[in-house]
Structures are given as structure tokens and as C-alpha cells.
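Data block below; observations after.
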Amino acid sequence: MYQRKPNISAEKDWITIALFFVISIIGMLCIFSVEYKSNDHFIQSLFAFKKNYSKQFIYFLVCIVIAIFIMLMDSKLLTATPNILYLIGIVLMILTFIIGKNVNGSKSWIPLGFMNLQPVETGKIFTALALSKYLSRPEIDFNKSQSQVIASFICFLPIVFSLLQNETGLALVYFAFLLPMYREGFPPVYLIIGASLGVLLVSALLFTTMQLVVVISLLIIAIIYFLKRKFKRHKNLLISLIAIWLLSIFFVGAVVPFLFKNVFQKYQTERIFSMVGRDNPYDEENNKINISKTSKKYPSKEKENYNVKQSKIAIGSGGFWGKGFLKGTQTQGDFVPEQHTDFIFTSLGENFGFVGCTILMLLYLTLLLRIIMIAERQRSTFSRVYAYSVAAIIFFHVAVNICMTIGLAPVIGITLPLMSYGGSSLLTFTILIFILLRLDADRQMVLR
């Protein structure tokens with residue numbers, strides 16, 4: 001099929017491009033507001049590559065160049081290389097164990113001199129493309145278990161490397177790929193099972209293992225008692241119910257303790273339990289201290305809650321209209337840890353208040369709705385799956401990050417798309433969005 005030469009202005013979704021620029025600029029202003037001092041020379045510091053806002057500005061310029069390159073690219077190249085790119089991404093993740101740089105206890109960064117590359121972060125691009133490539137193959141029947149297993153393997157393999165690199169937060173992001181798979185026919189029963197396990201996991205934060213075992217057992221007994229006639233006629237239902245009971249007990253009694261002891265890092269477990277007002281029951285050393293010093297029953301809880309407390313103070317101090325640009329006392333005073341990365345939302349809340357936060361969330365909502373609209377107008381399965389992957393990743397990041405900063409979710413190290421400081425994060429979301437726009441420009445073609 002003849003394809004005309006790509007043009008930078010033809011068939012582009014300018015609303016999505018505008019949203020990209022607006023959110024990115026807001027992000028740079030927020031980073032600037034937490035770092036700029038009155039004695040800094042603005043022009044010199046902007047290009048000095050020493051301040052975080054200076055680096056972010058340079059990263060943004062580089063991302064614009066890359067975005068233009070993607071927009072001028074032949075879209076067929078994107079469908080021809082996903083498998084190779086995915087393998088390259090996996091190799092880079094493996095390389096981090098050899099040449100990786102340790103940052104904040106996580107050996108997931110490859111130093112490039114001018115920036116640190118995080119393969120697990122950029123791997124979301126390759127995974128989205130690889131999943132799109134696989135599901136768009138004509139011979140694939142996604143109703144078959146084999147196809148579902150292969151697609152799940154493509155999405156979840158990077159989780160293994162994320163966990164080995166102590167990047168639990170990024171590992172959780174890859175579960176966002178369940179949304180595009182569900183859109184393409186992934187059985188809802190798996191999502192129900194996943195949601196049920198999530199409920200059990202949250203319940204394990206609020207109750208002890210023994211309490212949960214008793215509650216689950218009583219619930220199963222009550223169901224059997226009230227539906228005993230139905231179970232007599234359909235013994236398979238009774239067997240299924242008993243199997244669910246055994247699996248639930250196993251999950252609560254064995255899997256949950258394993259997750260908190262071996263998968264989550266100690267500080268992450270402390271933050272998760274402190275969020276619900278409990279000490280970490282899996283920290284034997286700390287529990288011994290608590291028993292011997294009852295007057296200091298929560299020595300770790302105050303420490304682990306510090307980030308979120310300072311974040312909530314900063315956001316709350318902004319009030320309705322905010323204190324004004326560069327007038328935030330909490331963020332300017334550096335009271336909020338990681339306020340230019342994971343807690344960048346606090347800068348917006350203090351400077352621009354409830355109004356600024358609402359506008360940002362409306363911008364994200366508009367971006368997500370726009371991406372879903374783009375997904376649904378695609379003729380190609382490849383483009384549709386990729387678009388839903390981008391929407392799912394952005395939604396996961398936004399929801400978790402904002403909930404994290406206001407104390408509704410544990411602090412697990414999730415960046416705010418296009419807002420948080422970091423070359424890898426900005427580069428990843430730029431490439432994700434502009435590949436989508438490149439594919440959308442050729443939406444009349446059937447790409448595989």
C-alpha cells in the first residue's frame with residue numbers, strides 16, 4: 001500500500017500535543033519553585049545543568065527533538081521492530097546487575113554521564129509495543145489459554161527484574177497492562193481473582209492473620225449453611241467453594257507474609273503499615289523493642305510517616321488559591337523529602353492550592369479521555385492495544401502518585417507523568433505519547 005511521506009503537521013492530534021506541553025511546563029515550573037533561590041542567576045542556572053530544574057529543561061528540549069523524530073518516522077518501523085526492542089529492553093534490565101548504579105538502595109540505573117537511564121522505566125515502552133505486536137498477529141486467538149499465557153508473560157516478565165532491583169513501585173506499574181488485555185478479550189474472571197486477592201491483601205493490613213482466617217472460615221461456613229440445598233444438587237460448587245477457602249487461607253497465611261518479608265523492602269513495609277496506624281508485624285526486631293518499651297510503642301511509625309505528613313502539610317497550607325508562585329514556605333524550605341520527584345504534587349498544592357490541583361487533574365483526565373478516544377478510532381489492533389497500554393500506564397502513575405502524596409496510598413516510588421523530575425521518566429512518557437500520535441496519524445491503515 002502506498003504511504004505518503006510523513007508530514008509534521010498533517011493528521012496529528014494537536015489537542016494531545018497541547019496537553020503534553022501544558023503538563024510538562026507545569027512540571028518544570030513546580031521543580032523550579034522548589035529549587036530556585038533569590039540569589040540564583042536565572043539564565044545562567046537554566047543552562048548550567050547543575051540545578052534539577054536546569055536538567056529537566058534540557059531533558060525537555062531533548063524530548064522535543066525525539067518527539068519530532070518520532071512524528072516524522074515511518075509508522076511501519078514501529079510495527080516491524082517491537083520484538084527486537086523488547087529483547088533489547090530485557091538485556092538492558094539484565095545489564096543493570098552488572099554495570100548498574102545504586103541509587104537510594106535500588107540498583108536499577110545505568111549511568112550515561114549526562115543522565116542515569118532506568119531500563120525498568122523505559123521498558124514500559126517496549127512492553128507496550130511487544131504486547132501490541134503479539135495481539136495484532138492474524139493467527140492469534142486471544143480466547144485461547146495459550147495466547148493469554150504468552151501475552152501475560154510478555155507483560156509481567158519485567159516485574160521479575162524490577163523486584164530483583166528493589167523497584168517494587170515500578171513492578172506494580174506493569175499490572176496496568178491488564179487493562180489493554182481485558183479490552184482485547186482477557187477473561188474477566190482473572191480480574192475478579194486479582195481484585196479479590198487485592199482485598200485480602202488490604203485486609204491483612206488491618207487485621208491479624210488469625211483474625212482473617214477465622215473471618216474467612218466463618219463466612220464459608222455461613223455460605224454452606226444457607227445454600228446447603230443447592231450444594232447437595234451441585235457438589236462441584238461445594239468443591240469449588242472449599243478450594244476458594246483453602247486458597248484464601250494459603251494466601252493470607254503464607255503469601256502475604258512472604259510478600260512483606262521478602263518482596264517489599266523493609267522501609268516500604270513500614271510505610272504501608274504506618275499508613276493504617278499499625279507497627280510492622282513482620283519486623284521481629286522492632287516488635288521486641290515495642291514489647292520492652294511500651295512507652296515508645298510506635299518508634300518507627302512517626303519516622304515512616306514523616307514524608308506523607310510533610311506532604312499533607314504543604315498541600316494543606318496552599319488553601320484554596322495557593323500561596324503564589326515561589327512563595328511556598330514548606331517546599332521552598334525543603335521540608336518535604338523528594339519534593340522534586342515523587343512528591344512534586346506538593347509543590348503544585350502549596351503554590352496554586354486546590355484550584356491548581358483541580359486544574360492539573362482535569363488536564364490528566366482530558367489527556368486520558370483523549371487517548372481512549374484515539375484508541376477507539378483505530379482500524380488496527382496494534383494501534384488500539386498500544387493506545388490502551390499508554391492510557392493504563394498514565395492512569396496508574398497519576399492515581400497512585402497523587403494518592404501517595406495525600407496519604408491514601410503507601411509511598412512506593414511512583415512518579416507523576418511529565419511532572420516529576422527525571423530524564424528517564426520524562427523520556428519514557430514522551431516516547432509513549434508520541435508513538436501513539438504517530439500511529440494515530442496513520443489510523444486509516446491496518447498496521448500489524
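Laboratory data are not the source of any read-out in this text; all were calculated from the coordinates shown. A quick note: this is a predicted structure, and the numbers were derived from the prediction, not measured. Methodologically, a virtual Cβ is constructed for each residue, glycine included, from the backbone with ideal geometry; neighbour enumeration extends over all protein chains shown.
3J(HN,Hα) along the stretch 178-189, derived from phi through the Karplus expression 6.51 cos²θ - 1.76 cosθ + 1.60 where θ = phi - 60°, amounts to 5, 5, x, 5, 5, 4, 8, x, 4, x, x, 4 Hz, with x in place of Gly and Pro. Can you flag which of LYS37/LYS323; LYS107/LYS266; LYS12/LYS55; LYS55/LYS327; LYS107/LYS312 are past 19 Å Cα-Cα? In this structure, LYS12/LYS55; LYS55/LYS327; LYS107/LYS312 lie more than 19 Å apart at Cα.
By the beta-carbon count within 10 Å of each Cβ, the least crowded to most crowded order of TYR174, TYR306, fewest first, is TYR306, TYR174. Using the rule -39500 (n - 2.57) for each DSSP H run of four or more residues, divided by the residues of the chain, the 222 nm mean residue ellipticity is -21500 deg cm²/dmol.
Residues SER152, SER132 in ascending order of nearby Cβ atoms (within 10 Å, fewest first): SER152, SER132.
Contact order for the chain, expressed relative to its length and based on alpha carbon pairs under 8 Å spaced 6+ residues apart, stands at 24 percent.
Remark on LEU117: its backbone amide H falls under 5 Å from those of ILE110, LEU112, a criterion applied only to residues 5 or more positions apart or on other chains, H modelled at 1.01 Å from N. Please say if the chain is rounded, prolate or oblate, where rounded means a/c under 1.5 for a ≥ b ≥ c the square roots of the C-alpha gyration tensor eigenvalues, and otherwise the choice is prolate for a/b larger than b/c and oblate otherwise? Taking the square roots of the gyration eigenvalues as a ≥ b ≥ c, the chain is oblate.
Residues whose amide H comes within less than 5 Å of that of GLY407, counting only those at least five positions distant or on another chain, are absent (H built at 1.01 Å from N in the peptide plane).
Packing around the peptides 360-369, 241-250, taken as the average count of other Cβ atoms within 10 Å per residue, puts them in this order, highest first: 360-369, 241-250.
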